[in-house]
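Inspection log for the structure reproduced underneath, given as structure tokens.
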Amino acid sequence: MPIPTLLVCHKHLLWIAEKFQPEHIDGIKKLLLKNRHKYINFYAIEIQPEVKKRIEELNNTCYFLDVWDAIDSINEIAVKFKVKDKEIRMPETHIGRALIVENPYNFENDYDIKRYLLEKFCQRMPYFYNFHSSKKNLQGNKQLTFGAGIGNITYFCEIPSKKRKGFVVGIRFEWSLLEVYRHFLEKKELLKECICPDIYFKDNERTVNYFTKTENYNIPESTDRIAEVLEKLILFFSPYTYGGKIKDILVQPDVG
């Protein structure tokens, strides 16, 4: 969980660091001075040592997917940040411009469907960072793919097509991990119990899948369901892909 160093909000520039050199702050102020017509407030914010210490503790003691649930412990620290310097350029009377968007998504468009899916996945599973760096998924075919934390294993989500009137979500094992796929295939009933009774296996593709129909093309309702199943997939498989348990499956028993 890295410490953020630069946050750009609407009309606000927040630079967060452990310490600042005067020349760095002066450089930002000179840049703002050259652009007087732009209403931008600048804040140089120093993160306090106790916050960094707590973050390091979380990184070192928490399992990858548990960090998000434990991060609220940082709020126990009384003073987390200190404003080292600031440059206020926005007049107090400035109220900006209103932007009204009635429907930002066109569900007749594959690009918008995938964009909507990504947003919902990020909202439901903010702890799974691979969703936040998957903008490239918005281009191309009807499938979103996400790294699972180890090479040759990916999560995927296929959006509706003319032949397939619904969503498919699942996890895929490449040929090099056929042995791992077969291991989970043998534990089919356990997976159905932990993830969803309706999951199914496709041996030719080495995938564990879930399919849901899109009744009357109700994308939001279907998205909620596949997001729920995808989260259960991630929580079930992450101890293997992030926690290292997959090595136990790959270890061959000694012969002779």
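If I go through the stretch 192-221 residue by residue, how many of them are at pLDDT 90 or above, part of a helix (DSSP H, G or I) and not acidic (Asp, Glu)?
Going through the stretch 192-221 one residue at a time, the tally reaches 2.
For the stretch 208-239, which positions are closer than 20 Å to Asp69 by Cα and not polar (S, T, N, Q)?
Selection gives Ala227, Glu228, Val229, Leu230, Glu231, Lys232, Leu233, Ile234, Leu235, Phe236, Phe237, Pro239.
Name every residue in the stretch 44-68 that is outside any helix (DSSP H, G or I) and modelled with pLDDT under 90, in order of residue number.
Here is the first cut: in the stretch 44-68, the ones outside any helix (DSSP H, G or I) are 44-48, 62-63.
Hits for the stretch 44-68 are Cys62, Tyr63.
Determine which member of the set Asp224, Asp198 is within 25 Å of Arg124 (Cβ to Cβ), in contact (Cβ under 8 Å) with a residue 12 or more places away in the chain and within 17 Å of the chain's Cα centre (by Cα). Give the derivation first.
Details: Asp198 fails: within 17 Å of the chain's Cα centre (by Cα).
From the options Asp224, Asp198, the qualifying one is Asp224.
If you take the residues of the stretch 158-174 that are of a type outside the set (Val, Ile, Thr) and modelled with pLDDT of 95 or more, which of them is surrounded by the fewest Cβ atoms within 10 Å (Cβ to Cβ)? Outline the logic, then answer.
Looking only at the stretch 158-174, we keep the residues that are of a type outside the set (Val, Ile, Thr), and these are 158, 160-167, 170, 172-174.
Next, only the ones that are modelled with pLDDT of 95 or more stay: 170, 172-174.
Numbers: Gly170: 23, Arg172: 19, Phe173: 22, Glu174: 13.
Going through the qualifying residues, I end up with Glu174.
Is the stretch 209-218 home to any residue that is open to solvent by 80 Å² or more (accessible area, probe 1.4 Å), under 27 Å from the mean Cα position of the chain (by Cα) and on the phi > 0 side of the Ramachandran plot? Break it down stepwise before answering.
To start, the set of residues in the stretch 209-218 that are open to solvent by 80 Å² or more (accessible area, probe 1.4 Å) comprises 213, 215-217.
Still in the list and also under 27 Å from the mean Cα position of the chain (by Cα): 213, 217.
Checking the rest, the ones that are also on the phi > 0 side of the Ramachandran plot come to 217.
Checked the stretch 209-218: at least one residue is open to solvent by 80 Å² or more (accessible area, probe 1.4 Å), under 27 Å from the mean Cα position of the chain (by Cα) and on the phi > 0 side of the Ramachandran plot.
The values are calculated or read from the model by the stated rules, or taken from the named source; none is laboratory data. Predicted model only: the values in this text are computed from it and were never measured. Heads up, the Cβs are rebuilt from the backbone with ideal geometry, glycines too, and the neighbour counts pull from every protein chain shown. Protein only, heavy atoms only, side chains kept; ligands, DNA and RNA dropped before computing areas. Shrake-Rupley method; radii C 1.70, N 1.55, O 1.52, S 1.80 Å.
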